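Okay, so here's the structure we're looking at.
The values are calculated or read from the model by the stated rules, or taken from the named source; none is laboratory data. Predicted model only: the values in this text are computed from it and were never measured. With ideal geometry, Cβ positions are generated from the backbone for all residues, glycine too; neighbour counts draw on all protein chains shown. Each accessible area value is taken on the protein alone, full model and side chains, heavy atoms only, with ligands, DNA and RNA left out. Shrake-Rupley method; radii C 1.70, N 1.55, O 1.52, S 1.80 Å.
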Amino acid sequence: MKKLQLLSIIWLITFGVTAQQKLKTENVILITLDGMRWQEVFGGAEKRLLVNKKFTGDSVSLKKIFWDESFVKRRELLMPFFWQEIGKRGQLYGNRLLGNKVNTANTMWFSYPGYNEILTGFADDAKIISNDKFNNPNKNVLEFIQSQKGFSNRVAAFTSWDVFPYIINSERNKILVNSGVIKAKGNLSDREKLLNDISFQLPNDEGQTRLDGLTFQYAFEYLKLNHPRLLFISFDETDHYAHEGEYDRYLKSARYTDDMIRSLWDWVQSDTNYKDKTTLVITTDHGRGNNNDEDWKHHGSKMPEADQIWFAFLGPDTPALGEVKTEQQLYQNQIAKTASAFLGIDYTNQPMPGKAIETATKKP
């Protein structure tokens, strides 16, 4: 009897310690590549588009950079950090050829509804129906986390598309949102001040879109200067060049963005504030068409397959599953709660956010 009681006590102590164990993640960097298709993420450059001079110009030179008969090699040529680092030490979801499906829950399949879903954790097909500049009535995970102990003034967003202050509704929550031509407020480093004077923009009928390289430098300088615990970075050029039908620049932009993410991660892993305490969460706002040679340029509710997206995770609490081959169905609305779960925060909202992706946030 005494032996049984002793075993029971040991079990309770062990269970209590295990239950109280926290994840190692103290910081999250959420990154989006606007309109980046899962087809290229998991398969690399698509030959029918790569050899089409209408979309690539000098396809011969482009093939030397991005083409290989092996799709495994092709995707690594396109996004080496994704496949050399995340593909080995993190997790990638969304290869539909393996039955691993990720979709938007919203039925709009364009940017504002997609970013609303990513950041709030739910689709709002009643209110979020355009890319117009209007303040989002829905509260989001950024402001929820900012209100938690230890996160005041430790949340920020740097984005190329200048509609984000409205999507995030910085007027309501006072989150620092540096987007498009909008000036950053607060203390700026000399390099930030220099970058703030540069006004190169990509033409965009739905607002100003800053070059992604500038957005990255703003975010990187802020990261080093202010050490935010939740940082949102949104790149845009992949979507821009796809709309323009420039497959060559779409591919080069994906490769360039992959390299910027690598630089960010290398620095994170060298800094005592972030090393082995930071998780990357990477995704996209919508997919693109795929039925014919023209559809890849477009998205929206009338474009089949434009709701098909992908996720990537890398950090100290994410088991190294690489390319997840399990047949399953995940949704964009799960990102908000997953990102907060890494920080040990139970994100709640109305309507209820999608569930956290458990395989990304706990040890097997």
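Listing for the model above:
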quantity	calculated
Residue count for the stretch 78-110, restricted to those that are touching a residue at least 40 places away in the same chain (Cβ under 8 Å), in a helix (DSSP H, G or I) and open to solvent by 10 Å² or more (accessible area, probe 1.4 Å)	8
Output for the stretch 133-171, where each listed residue is in a loop (DSSP other than H, G, I, E, B), within 16 Å of Asp285 (Cα to Cα) and in contact (Cβ under 8 Å) with a residue 60 or more places away in the chain	Asn140, Ser160
Residue count, the stretch 24-74 (criterion: among the charged types (D, E, K, R), outside any helix (DSSP H, G or I) and at pLDDT below 95)	1
Pairs with Cβ under 8 Å, 6+ apart, first in the stretch 198-222 and under 11 Å from His240 (Cβ atoms) and modelled with pLDDT of 95 or more, second not in a loop (DSSP other than H, G, I, E, B) and not acidic (Asp, Glu)	Asp212/Phe235; Asp212/Ser253; Asp212/Tyr256; Asp212/Thr257; Asp212/Met260
Check on Asp295, in contact with a Phe, Trp or Tyr (Cβ under 6 Å, 6 or more places away or on another chain) and either among the charged types (D, E, K, R) or surrounded by fewer than 20 Cβ atoms within 10 Å (Cβ to Cβ) (or both)	no
Subset of the stretch 298-319 (residues that are touching a strand residue (DSSP E or B) at 6+ places or on another chain (Cβ under 8 Å) and either open to solvent by 70 Å² or more (accessible area, probe 1.4 Å) or hydrophobic (A, V, I, L, M, F, W, C) (or both))	Ile309, Trp310, Phe311, Ala312, Phe313, Leu314
